[in-house]
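Q: Could you have a look at this structure, given as structure tokens, before my questions?
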Amino acid sequence: MTSKKGAPAQPNKPTILVFRDKLLLPSEGFIKSHYTDFDAAELVYVANRFGWRADELAGQCIATGQNEWQRFWFKHCGHTRALAGLRALAPRSVHAHFGRGGALALPLAKALHSPLYVTFHGGDATKNTHSRKRVLPTIYQRRLAALQEYASGFFCVSQFVADRLAAQGFPKAKLITHYIGIDVAALEPPQRRDGRLLFIGRLVDKKGVDVLLAAIRRLQAGGKVAVPQLDIAGSGPLEAALRAQAADLPSVRFLGWQTPQQLALIMANAQAIIVPSRIAADGDCEGLPTVVLEALRAGLPVVASDHAGIPEIIKDGETGLLVPENDADALAHALAALADAGDRLPGMVAAAQKRLQCDFNAATQSQILQRYLLQDRA
């Protein structure tokens, strides 16, 4: 057993193993949010690779292998030299992130005789790659039936994800809609702001940034309303193509990747957050984008697409503005309507913040999760 950081688990508290293939990837800070208020259990993180933001993990970190061969052996056969040390921890349960993570953790949970819970985040419940027939099935495909049978529960970050898994044959009794929470201790009061519009996120297909740019272009060509100023904060594989698409849009700025501290400052001066998510060509969908919750916490109105779990908190005209996904004309109309809706926007944000406090409070959500993961063994 190899620990990368942190002190050994405390013997007076039960241990929960948290598994992810790679920890902690730059865009996956939301994984930490699951455990904000854990107080009755010690977390031990298990991964094939640690790095990136792993120093942010508050707990012992144990690698499944020390070289490529050992990691390959774990992925494909489920064997790890860390098993004896993990067994000594007598983990109460294993909590894996993403569907593939659940498949990878399945042999480990079985070897430890521990209940296994898996959180599905969005794309892992929707991508065509998971269901596409192959000559050699993926690890997820090979272990899916066994995973569905063995796992004690599947946490779904939105009802949309739960519905998708139910349609794929997952046992409905094991599907648990469990929203990821954020810190709501210091909500910013909603107020009308005249700053720039803001998009935050990875520049990938499902984020719909090309639809947003097309909407801005329609407003620029129409000439009937002032073209809104837009900042795009983020990076990703589509950045070069999106920059080229926006070359003739002087109102658009690309800010690149920003730290959480930088984003907080940018959001403090923004007029609204735009979330134009849509189904990607490969079926990839959101679960419920964390940026929606962060915008509401910052007191910002949200203009979003009617996609995945977004309408579970954004109701058009009640808690924000909602448009059909992948519809540049409808989005352009909503952006133009922001000025007219100015006096109503603070009320929408206030209504959304009430929902945020009720169902998306990280302290409450993590306590609920902890109770599930500490249930007595079957």
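The values are calculated or read from the model by the stated rules, or taken from the named source; none is laboratory data. Keep in mind the model is a prediction, meaning the values are calculated, not measured. Here the Cβ positions follow ideal geometry from the backbone for every residue, glycine too, while neighbour counts run over all protein chains shown. Note: areas computed on protein heavy atoms with side chains; ligands, DNA, RNA excluded. Shrake-Rupley method; radii C 1.70, N 1.55, O 1.52, S 1.80 Å.
Q: Using beta carbons and a limit of 7 Å, which pairs, at least six apart or on different chains, have the first residue in the stretch 73-98 and within 19 Å of I16 (Cα to Cα) and the second one part of a helix (DSSP H, G or I) and of a type in the set (D, E)?
A: Once the first residue is within 19 Å of I16 (Cα to Cα) and sits in the stretch 73-98, its partners that are part of a helix (DSSP H, G or I) and of a type in the set (D, E) give F98/D124.
Q: Would you mention how many residues in the stretch 128-162 are among the charged types (D, E, K, R), part of a helix (DSSP H, G or I) and open to solvent by 40 Å² or more (accessible area, probe 1.4 Å)?
A: Here is the first cut: in the stretch 128-162, the ones among the charged types (D, E, K, R) are 132-134, 142-143, 149.
Keeping just the survivors that are part of a helix (DSSP H, G or I) gives 142-143, 149.
This time we only want the ones that are open to solvent by 40 Å² or more (accessible area, probe 1.4 Å), so: 142, 149.
Residues meeting the conditions: 2.
Q: Where the second residue is assigned to a strand (DSSP E or B) and polar (S, T, N, Q) and the first is under 18 Å from N326 (Cα atoms) and lies in the stretch 190-219, which pairs have Cβ atoms under 7 Å and are six or more apart or on separate chains?
A: Short answer, once both residue conditions are applied: G208/S305.
Q: Identify all residues within the stretch 237-261 that are of a type outside the set (A, V, I, L, M) and either touching a strand residue (DSSP E or B) at 6+ places or on another chain (Cβ under 9 Å) or within 18 Å of I273 (Cβ to Cβ) (or both); write none if there are none.
A: Within the stretch 237-261, the subset of a type outside the set (A, V, I, L, M) is 237, 239, 243, 245, 248, 250-251, 253-254, 256-261.
Answer for the stretch 237-261, where residues must be of a type outside the set (A, V, I, L, M) and either touching a strand residue (DSSP E or B) at 6+ places or on another chain (Cβ under 9 Å) or within 18 Å of I273 (Cβ to Cβ) (or both): E239, R243, S251, R253, F254, G256, W257, Q258, T259, P260, Q261.
Q: Which condition from (1) in contact with a Ser or Thr (Cβ under 7 Å, 6 or more places away or on another chain); (2) not in a loop (DSSP other than H, G, I, E, B) is the one that R100 breaks?
A: Looking at each condition in turn, R100 falls short on (1).
Q: Here is a follow-up. Look through A41, A47 and report the one residue that is within 27 Å of T259 (Cβ to Cβ), among the small types (G, A, S) and either crowded, with 17+ Cβ neighbours inside 10 Å or modelled with pLDDT of 90 or more (or both). Reasoning before the result, please.
A: On the way: A41 fails: within 27 Å of T259 (Cβ to Cβ).
Only one candidate qualifies: A47.
Q: Let me ask something else. More than 19 Å from I182 (Cβ to Cβ), free of Cβ contacts under 8 Å to residues at least 24 places away in the same chain and open to solvent by less than 30 Å² (accessible area, probe 1.4 Å): is that true of A280 in this structure?
A: Details: more than 19 Å from I182 (Cβ to Cβ): yes; free of Cβ contacts under 8 Å to residues at least 24 places away in the same chain: no; open to solvent by less than 30 Å² (accessible area, probe 1.4 Å): yes.
It is false that A280 is more than 19 Å from I182 (Cβ to Cβ), free of Cβ contacts under 8 Å to residues at least 24 places away in the same chain and open to solvent by less than 30 Å² (accessible area, probe 1.4 Å).
Q: Would you confirm, using the coordinates I've provided, whether L106 is of a type in the set (A, V, I, L, M), buried (at least 19 other Cβ atoms within 10 Å of the Cβ) and assigned to a helix (DSSP H, G or I)?
A: Numbers: of a type in the set (A, V, I, L, M): yes; buried (at least 19 other Cβ atoms within 10 Å of the Cβ): yes; assigned to a helix (DSSP H, G or I): yes.
For L106, the condition - of a type in the set (A, V, I, L, M), buried (at least 19 other Cβ atoms within 10 Å of the Cβ) and assigned to a helix (DSSP H, G or I) - is met.
Q: Let me ask something additional. Considering only residues of the stretch 61-95 that are of a type in the set (S, T, N, Q) and open to solvent by less than 20 Å² (accessible area, probe 1.4 Å), which is nearest to Y140 (Cα to Cα)? I'd like the intermediate steps shown before the answer.
A: Our first condition is that a residue be of a type in the set (S, T, N, Q); within the stretch 61-95, this holds for 64, 66-67, 70, 80, 93.
Okay, now just the ones that are also open to solvent by less than 20 Å² (accessible area, probe 1.4 Å), so 64, 93.
On the way: T64: 18, S93: 20 Å.
Residue satisfying both the conditions and the ranking: T64.
Q: Give all pairs with beta carbons closer than 8 Å in which a residue from the stretch 337-363 that is closer than 18 Å to V157 by Cα and among the aromatic types (F, W, Y) meets a residue that is open to solvent by 30 Å² or more (accessible area, probe 1.4 Å) and not in a helix (DSSP H, G or I); count only pairs at least 6 apart in sequence or on separate chains.
A: F360/Y179
Q: Quick one: count up the residues across the stretch 302-315 that are open to solvent by 10 Å² or more (accessible area, probe 1.4 Å) and on the phi < 0 side of the Ramachandran plot.
A: Step one: filter the stretch 302-315 for residues open to solvent by 10 Å² or more (accessible area, probe 1.4 Å), giving 306, 308, 311-312, 315.
Among the residues that remain, those that are also on the phi < 0 side of the Ramachandran plot are: 306, 311-312, 315.
The total comes to 4.
Q: I'm trying to understand the selection: among the residues of the stretch 272-296, which are out of contact with any Pro (no Cβ under 6 Å at 6 or more places or on another chain) and within 19 Å of P189 (Cβ to Cβ)?
A: Once the filter is applied, which keeps residues that are out of contact with any Pro (no Cβ under 6 Å at 6 or more places or on another chain) and within 19 Å of P189 (Cβ to Cβ), the stretch 272-296 yields I273, V292, L293, E294, A295, L296.
Q: Then there is this: Would the stretch 103-118 turn up any residue that is under 20 Å from L369 (Cβ atoms), β-branched (V, I, T) and without any contact (Cβ under 8 Å) to a residue 40 or more places away in the chain?
A: yes
Q: Could you tell me which numbered condition G299 fails, if it satisfies all but one of (1) of a type in the set (G, A, S); (2) in contact with a Pro (Cβ under 7 Å, 6 or more places away or on another chain); (3) over 20 Å from D194 (Cα atoms); (4) in a loop (DSSP other than H, G, I, E, B)?
A: Going through (1) of a type in the set (G, A, S); (2) in contact with a Pro (Cβ under 7 Å, 6 or more places away or on another chain); (3) over 20 Å from D194 (Cα atoms); (4) in a loop (DSSP other than H, G, I, E, B) one by one, G299 breaks only (3).
Q: Let me ask something else about it. Of these, L356, L338, L321, which one is buried (at least 17 other Cβ atoms within 10 Å of the Cβ) and either modelled with pLDDT under 95 or over 26 Å from G122 (Cα atoms) (or both)? Outline the logic, then answer.
A: Working: L356 fails: either modelled with pLDDT under 95 or over 26 Å from G122 (Cα atoms) (or both); L321 fails: either modelled with pLDDT under 95 or over 26 Å from G122 (Cα atoms) (or both).
On inspection, the qualifying residue turns out to be L338.
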